Structures are given as structure tokens and as C-alpha cells.
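To start, the structure under review is shown below, and the notes come after it.
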2 protein chains.
Amino acid sequence: MEKIEFRNFEKRKRANFVNSLSGFKSANLIATKSREGVTNLAIFSSAVHIGADPALVALVFRPDSVPRDTLSNIRETKVATLNHVHKNIYKQAHQTSARYKEGESEFEKTGLTEEYKDNFAVPFVGESRLKYSLELKKEINLEINNTHFLIFEIMDVYLEPENILDQGQINLEACGSITVSSLNGYHETHLLERLSYAKP
Amino acid sequence: MEKIEFRNFEKRKRANFVNSLSGFKSANLIATKSREGVTNLAIFSSAVHIGADPALVALVFRPDSVPRDTLSNIRETKVATLNHVHKNIYKQAHQTSARYKEGESEFEKTGLTEEYKDNFAVPFVGESRLKYSLELKKEINLEINNTHFLIFEIMDVYLEPENILDQGQINLEACGSITVSSLNGYHETHLLERLSYAKP
């Protein structure tokens, strides 16, 4: 095992390396809608659990030195939907990261389906098998590198009830959910074991 | 697909459910050392990539209404190590979540090996195949639920160089790294595909 001098890597190589270091990440599509009614869809691997009661999840956004449709839509409307990426839509999910023009919807460009539910203002991804609506509660600007940490309350959650285990865990594999490494690796999973609550 | 009334779930069931919603998570062992020299080891699934230059990673800590050895050690010493959990140590990694007494080291209790490297003050996990030292840069208290968001700079990174791909990504599967669902599900992964940079 060696110490890796990653600070000498060329810029993109360094980004790919450091993006690998936290480990496997979630794969989620965040849908938003501008005040003008243009929908937007973007893949995020930075979702992090913040708490169960209230039910909170956070996302990290890159610096807004260039226009960021997802971030500006959320600042305007305070709402979004989070949709798990599954095995059959990961290529379309990755394609949402292309730089489309303002006014173009990634739903249309990638062929993913806008699905409106229970009068929520922003569509869900019809193909996703685990999805929920979000309300923005707090934005924190991380001055250390000008990224943005947004905390959301989880509102309405949709999935097949048979994918919920007796103790409340969701069987993510049954929902087809996948995991991401670095910026472009897509992986399916196989359960090794569910362990019981640890005692000394 | 149904709307799930998870707010009516019993407390632990609700926690298991909401902890599943962000998707697959990383599995990392955080090692720290108190000023008195007692080492501590704890499993975390909340590591999140913050940036590549400077190289930053953050962790979410639960409220410190009860003593939290990892958090108090980091506040005292400003340093820690992050060690990826792999297939052969996930049971020991999970066992670190048991409530051992203050003054007891989870290294000793779980049989994982303290490994000191390059004069860093805190040990690494000898068994881990991808690990790095951390320096605390910023603590943010999330008032919404009294959790703590700590941002660290990634200092020295150790792994086998042959597990770094040409473009800089780390082959996490070759390092044995696994992924976690909810609070107790441990999963291995299989690569579906690495996709190229998306263009419109």
C-alpha cells in the first residue's frame, strides 16, 4: 500500500480520484421546475441522511459561479422531487449531466417521463420505483469552497409497500436502486447480510 | 406504487425507513484518539464528497446530547482517519456501533488492528485497503435537528496504486469496498458500466 501523491494529478484526473474517496454513493435524479414552468432533471450522488424525525435529507451543490438550473429553481420555488435511479434508467440518468441549453428540459431530452402526483408542483420521474417530494428548509453556503449545502424535509414517499421490510428498512435491491462510484461508475449490489443491533 | 404513511411508524421502524431513503451509502470506519491516548473506532455511513481542490469530505454526527467519543476526540485533536470497510471486516465494523464504556477501545474489542503511518497522531485500520488522514476544517451545527456537519481536508491517501484507473477513478471493488443500506444492510457491488462524459 502506497501514499498516493494525488495533488500532482492533472485537474480532471484529480477530480475523478477525490470523488472516489468517500466510497459508494447514492444515485438520485432531482427534478425541479422554474417559475416559467420549465422542468429540469439532474443526477446527484451527494444525498445524505440528516435525521428521521423530522425526516431530513441534504444535497451538496457545486459553486453557482455558472448558472445551475436545479439550484436556482429550488431557490425560487423551495420544492423538488428525489427519484432513485434504477438499473434500467442509469444511462438516461447519466445523460442528464450534459449541458443542455436553458429552456430545454432533461425529461424531454433523455426520454424520462414527467409524472405529477397528488398536486405537487414538481413532477416525479415516472420510471423510478422509489421517490419522494422535498421542501427546502435551509441553505448553508460552505465558504471553504463556495459549495452549497441544502437541507430538505422529506414530504410524501412513494414505493411498492411489499418492498418495505418488517422492521422498516426498504429493500433497495427490490426497487432496483443502484450505486455510483466517482463521477461515472454505475454498480448494482448484492446483499451480504443484514446484521442485528450491535451490543458490547 | 403507494404513498407510505411513515410518520405513523413506531420510532425505530421509522428510523430504519427514513435511513433507507437517501439510497446506498458508503461504509467507513472513523478512527480517533483522545488527549488521554484512548483510541476510538466508529462506523459511519454519512461521508459526503465536498470538493476535489482542496480535497474535502464531510461527515454528519448525531446530536451530542449523550457523550460521543468520536465527535469529542475530533473537537479536541482536530484529526481523524477514514478507513473503507471491505467484505472481510464488515462484521467487525458493524460491531463498533455497540455502546462500549468510555476508556474501552473499539480496536481492541473488535480485533481490528491499529496501524500508525508517517507519524500521524491517530491510527489507521490495518485491515483497510483504502484509507486516509483527515484534518478538521469546519464544524457547522445544524440547528434544525441538533446534528453536526464536520468538513475535513483529506491529507495523506493510502491504497495499492494498481487500483487507480488511468483517468484517476479508484476501482473500489478491487479495494473490496462495500456499501450500506439503512442502518444494518451490507452489500457488495458489481460494476454495470463506466459511462463517458455526457454531451448534449
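Quick notes on this structure:
- With respect to (1) farther than 24 Å from A:Thr147 by Cα; (2) more than 8 Å from every other protein chain (Cβ to nearest Cβ); (3) touching a residue at least 60 places away in the same chain (Cβ under 8 Å), the lone exception for B:Ser181 is condition (2).
- Residue satisfying all of: in region B:107-129; touching a residue at least 12 places away in the same chain (Cβ under 8 Å) and charged (D, E, K, R); surrounded by the fewest Cβ atoms within 10 Å (Cβ to Cβ) among these: B:Asp118
- Taken over region A:184-200, residues that are acidic (Asp, Glu) and either closer than 16 Å to B:Leu183 by Cα or more than 7 Å from chain B (Cβ to nearest Cβ) (or both) amount to 1.
- Some residue of region A:143-165 being buried (at least 22 other Cβ atoms within 10 Å of the Cβ) and at positive phi: no
- In region A:87-106, the residue that is surrounded by the fewest Cβ atoms within 10 Å (Cβ to Cβ) out of those that are touching a helix residue (DSSP H, G or I) at 6+ places or on another chain (Cβ under 9 Å) and over 13 Å from B:Tyr197 (Cα atoms) is A:Glu102.
- Screening region A:138-155 for residues that are of a type in the set (D, E, K, R) and farther than 15 Å from B:Val60 by Cβ and picking the one that is farthest from the other protein chains (Cβ to nearest Cβ) gives A:Glu139.
- For A:Phe24, the requirement of being facing chain B (nearest Cβ under 7 Å), of a type in the set (Phe, Trp, Tyr) and without any contact (Cβ under 8 Å) to a residue 24 or more places away in the chain is not met.
- Only a single item in (1) under 17 Å from the mean Cα position of the chain (by Cα); (2) closer than 23 Å to B:Ser26 by Cβ; (3) of a type in the set (D, E, K, R); (4) facing chain B (nearest Cβ under 7 Å) is not met by A:Lys131, and it is number (4).
- If the condition is being crowded, with 23+ Cβ neighbours inside 10 Å and over 24 Å from B:Lys91 (Cα atoms), then region B:19-51 contributes B:His49, B:Ile50, B:Gly51.
Bear in mind these aren't lab numbers, they're just calculated from the coordinates by the rules spelled out. Owing to the predicted nature of the structure, the values given are computational and were not obtained by experimental measurement. Backbone-built Cβ (ideal geometry, glycine too); neighbour counts: all protein chains shown.
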